[in-house]
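Only one structure is covered here, and it is reproduced in the block below.
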Amino acid sequence: MSKKFDKQNYKNTVKSYQPKPNLFLNCVKAFIIGGLICVVGQALTDFYIGVFGYSEKDAASPTAATLILISSLLTGFGVYDKLAQFAGAGSAVPITGFANAITSAALEHKSEGLVLGVGGNMFKLAGSVIVYGTVSAYLVGIIRYLIMQ
Amino acid sequence: MGKLGKQTWIFENQVYINETATVAGPMEAQGPLSETFDITFDDLHCHEDNWEKAERKILQQSIQTCIQKARLQTDQIDLMLSGDLLNQNVTSNYAARTLSIPILNMFGACSTSMETLAVASALVDAGFVNNAIAATSSHNATAERQFRYPTEYGGQKPATATTTITGGGSALVSQKPSTIRVEAATIGKVMDYQMGDPFDMGSAMVPAAYDTIKTHLADMGRSPDDYDLIVTGDLSSIGSPILKDMMKEDGINIDDVHNDCGLMIYNSDQPVFAGGSGTACSAVVTYGHIVSELRKGRLNRVLIAATGSLHSPTMIQQKETMPSIAHGVVLTREELS
Amino acid sequence: MDYLWAFLVGGGICVIGQILLDVAKLTPAHVLSSFVVTGAVLDGFSLYDKLIKFAGAGATVPITSFGHSLLHGAMKQAEDHGFIGVAIGIFQLTSAGIASAILFGFLVAVFFKPKG
């Protein structure tokens, strides 16, 4: 007779012991923090348009660069990971999450030297985003170009 | 002395733990067992340049303190058995080059503490060495950067995750009588029940703890009542109830005597998710708190089943599951005449 | 009003990410990689620009925008240079983001120490 904790049943049986993440609460936290980061982005964009006279399109670059600088600094101060435990996707999905991935990897591997440690490990976590973004943009770009011909 | 049953070693030549020493990091120093640590650090870097050096300092200080407490010199130690979580056991090996003690490297992940204690006891019992030190260490940051993510990375951990403790524990074993006797050890088998989430090691390691404890009791012809405490290394708040129910399904009830080192080392209000883990978890709790309770006579016979998860990040990326192992050692209180 | 839509759309995209993390149990790398691909695909159907017009930073700040920018730059250069334009333009719009991330990441690594 097969028992609850036998090898074939174990994985299923164990599910009831594993606390489910509070999905609703996590989504609320992600929504609020993610939304706030985007609001900061909007404020930065308006600032660059208003004060420096950038066009809407051109303001995107300094906005991104500023958000990235803030995120890198918060990572260096050891604050970003605490925020991320609270916000989950709310801090990972915005461009700030990308900057944190690069900065945290670079910072962590400082002990292996500036070239092999910092330089060699910087893209450990963010690399897949760049790779998949580039590959998909290539494919979609080629397809769209062919269709337009 | 010798083999008993399937997997158990009985030490009849009277093997004793003469001294122990424990070192712990900042979070552990804020936990309920802070008084039982010989040395604590309030800086996670232990005033060193990098994480690996910090862990090495912890292990070295643990071993040196143990030797000092036993009123011996380093060159009077015949053998050191040591292991840690880092690739190539670098903490143990680089500490050993400073200590200049002959060394046997062991790796059992978080079961290393009892693995080293068991083998140290066997070698002492058989007379191959007069004394031996069993030691192990772990460090939160070195484990995070090797097994998971850079320490400042913003990855959200689930409630089932455990926190690798920062600490080091060592025990000096010899045939010289003391209050703490090493009665027996049960060597575990690798068990794999197809669990594959490295953020829930507790439930992955339960089958190993179950198998080793069950085999131990059968080999010794005992029941849980024969023990004041059966403690697992780091099954955490997730694995502990699973173990108790899994053993009950086999008619063995450990409810009254079970505890888990990972649950004992931190307060419930510390941000540690499901509890502590790591090679040093079972070591610092056993060599600090449990040894102290045995000495005071509050415990008389304890089975420590240290549990280890034997995966690596590469294995997880290759979609492999997580095999686990548990080694058990029995410590008893002896009245010295 | 701009700010309200930025908040709602940006927050909404993050909620989709959270669901993928908690329910589908994907790793952050998997979630972000799929988001960036989605951004590129949506721009392929000329949909992402509409979202940006509507939500402003709510669409430009999430990583999906990275995928959009990669494709957008590529298509712009393809108009003038044909096939090879895809390769010429792909990093044009994202250059500031990638360059800043590398520079600031490097500087922080040089001047800070990880805290654990």
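The values are calculated or read from the model by the stated rules, or taken from the named source; none is laboratory data. Here the structure is a predicted model, which is why all the values come from computation and not from measurement. We place every Cβ from the backbone using ideal geometry, glycine too, and count neighbours over all the protein chains shown.
Could you identify the single residue in A:Asn121, A:Asn100 that is at negative phi and touching a Ser or Thr at 6+ places or on another chain (Cβ under 6 Å)?
Details: A:Asn121 fails: touching a Ser or Thr at 6+ places or on another chain (Cβ under 6 Å).
Answer to the selection: A:Asn100.
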Could you check the stretch A:43-149 for helices (runs of 4 or more DSSP H) lying wholly inside it with 3 or more residues that are among the hydrophobic types (A, V, I, L, M, F, W, C) and modelled with pLDDT of 95 or more?
-> A:60-76, A:80-87, A:95-108, A:127-148
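Conditions tested, residue by residue: (1) surrounded by fewer than 20 Cβ atoms within 10 Å (Cβ to Cβ); (2) basic (Lys, Arg).
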position: B:Arg56; (1), (2): no, yes
position: B:Ile67; (1), (2): no, no
position: B:Ser82; (1), (2): no, no
position: B:Asn93; (1), (2): yes, no
position: B:Val119; (1), (2): no, no
position: B:Asn130; (1), (2): yes, no
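To keep it simple, each residue is scored yes or no on (1) surrounded by fewer than 24 Cβ atoms within 10 Å (Cβ to Cβ); (2) outside the structural domain of A:Ile32 (by TED's automatic domain parsing); (3) not hydroxyl-bearing (Ser, Thr, Tyr).
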| position | (1), (2), (3) |
| --- | --- |
| A:Ala64 | no, no, yes |
| A:Ala84 | no, no, yes |
| A:Asn121 | yes, yes, yes |
| A:Val129 | no, yes, yes |
| A:Leu146 | yes, yes, yes |
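Looking at the structure I just gave you, is B:Leu217 in contact (Cβ under 8 Å) with a residue 24 or more places away in the chain, more than 16 Å from the chain's Cα centre (by Cα) and buried (at least 23 other Cβ atoms within 10 Å of the Cβ)? Explain how you work it out, then say what you get.
Numbers: in contact (Cβ under 8 Å) with a residue 24 or more places away in the chain: yes; more than 16 Å from the chain's Cα centre (by Cα): yes; buried (at least 23 other Cβ atoms within 10 Å of the Cβ): yes.
Here the answer is yes, as B:Leu217 does meet what is asked.
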From (1) within 11 Å of chain A (Cβ to nearest Cβ); (2) in contact with a Gly (Cβ under 7 Å, 6 or more places away or on another chain), pick out the condition that doesn't hold for B:Thr142.
-> (2)
Within the stretch B:148-161, is even one residue crowded, with 18+ Cβ neighbours inside 10 Å, within 21 Å of the chain's Cα centre (by Cα) and farther than 14 Å from B:Leu79 by Cα?
-> yes
Of (1) over 28 Å from A:Lys20 (Cβ atoms); (2) touching a Ser or Thr at 6+ places or on another chain (Cβ under 8 Å); (3) surrounded by fewer than 24 Cβ atoms within 10 Å (Cβ to Cβ); (4) at the interface with another protein chain (Cβ under 7 Å from one of its Cβ atoms), C:Ala29 satisfies every one except (1)
So, of the residues in the stretch C:50-72 that are more than 17 Å from A:Gly34 (Cβ to Cβ) and free of Cβ contacts under 8 Å to residues at least 12 places away in the same chain, which turns out to be farthest from the other protein chains (Cβ to nearest Cβ)?
-> C:Lys50
Given (1) surrounded by fewer than 24 Cβ atoms within 10 Å (Cβ to Cβ); (2) over 23 Å from B:Ala118 (Cα atoms), index of the condition B:Lys176 fails = (2)
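I need the full set of residues from the stretch B:286-331 which are among the hydroxyl-bearing types (Ser, Thr, Tyr) and crowded, with 21+ Cβ neighbours inside 10 Å, in order please.
Initial filter on the stretch B:286-331 (among the hydroxyl-bearing types (Ser, Thr, Tyr)): B:286-287, B:292, B:307, B:309, B:312, B:314, B:321, B:324.
Those that are among the hydroxyl-bearing types (Ser, Thr, Tyr) and crowded, with 21+ Cβ neighbours inside 10 Å: B:Thr286, B:Tyr287, B:Thr307, B:Ser309, B:Ser324.
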Residue that is aromatic (Phe, Trp, Tyr), over 18 Å from C:Thr60 (Cα atoms) and away from chain B (no Cβ under 14 Å), where the choices are A:Phe52, A:Phe77 = A:Phe52
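Yes or no, residue by residue, for (1) modelled with pLDDT of 95 or more; (2) under 28 Å from B:Gln156 (Cβ atoms); (3) within 14 Å of chain A (Cβ to nearest Cβ):
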{"residue": "B:Met195", "(1), (2), (3)": "yes, yes, yes"}
{"residue": "B:Val206", "(1), (2), (3)": "yes, yes, yes"}
{"residue": "B:Leu217", "(1), (2), (3)": "yes, no, no"}
{"residue": "B:Gly221", "(1), (2), (3)": "yes, no, no"}
{"residue": "B:Asp234", "(1), (2), (3)": "yes, yes, no"}
{"residue": "B:Ser237", "(1), (2), (3)": "yes, yes, yes"}
{"residue": "B:Lys244", "(1), (2), (3)": "yes, no, yes"}
{"residue": "B:Ile252", "(1), (2), (3)": "yes, no, yes"}
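Restricting attention to the stretch B:109-151, which residues are of a type outside the set (A, V, I, L, M), under 30 Å from B:Thr8 (Cα atoms) and in a helix (DSSP H, G or I)?
Filtering the stretch B:109-151 for residues of a type outside the set (A, V, I, L, M) gives B:110-113, B:115-116, B:121, B:125, B:127-128, B:130-131, B:136-140, B:142, B:144-151.
If we keep only those that are under 30 Å from B:Thr8 (Cα atoms) as well, we get B:110-113, B:115-116, B:121, B:125, B:127-128, B:130-131, B:136-138.
The answer is B:Thr112, B:Ser113, B:Glu115, B:Thr116, B:Ser121, B:Asp125.
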Checked the stretch C:73-116 for anything within 7 Å of another protein chain (Cβ to nearest Cβ) and at positive phi; matches are C:Gly116
Would the stretch B:292-305 turn up any residue that is hydroxyl-bearing (Ser, Thr, Tyr) and more than 23 Å from B:Asp200 (Cα to Cα)?
-> yes
Of the criteria (1) of a type in the set (D, E, K, R); (2) closer than 22 Å to B:Pro271 by Cβ; (3) over 17 Å from the mean Cα position of the chain (by Cα), which one B:Asp78 fails = (2)
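Okay, residues lined up against (1) among the β-branched types (Val, Ile, Thr); (2) assigned to a helix (DSSP H, G or I); (3) under 14 Å from the mean Cα position of the chain (by Cα); (4) closer than 22 Å to A:Thr45 by Cβ:
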| position | (1), (2), (3), (4) |
| --- | --- |
| C:Gly12 | no, yes, no, yes |
| C:Gln18 | no, yes, no, no |
| C:Lys25 | no, no, no, no |
| C:Ala29 | no, yes, yes, no |
| C:Asp49 | no, yes, yes, yes |
| C:Ser65 | no, yes, yes, yes |
| C:His68 | no, yes, yes, yes |
Taking the stated definitions as given, is A:Ser72 at the interface with chain B (Cβ under 8 Å from one of its Cβ atoms), of a type outside the set (Lys, Arg) and within 13 Å of the chain's Cα centre (by Cα)?
-> no
Looking at the stretch C:31-47, which of its residues are part of a helix (DSSP H, G or I) and not β-branched (Val, Ile, Thr)?
-> C:Leu32, C:Ser33, C:Ser34, C:Phe35, C:Gly39, C:Ala40, C:Leu42, C:Asp43, C:Gly44
Within the stretch B:27-34, identify whether any single residue is modelled with pLDDT of 95 or more, charged (D, E, K, R), farther than 30 Å from B:Asn267 by Cβ and assigned to a helix (DSSP H, G or I), and answer yes or no.
-> no
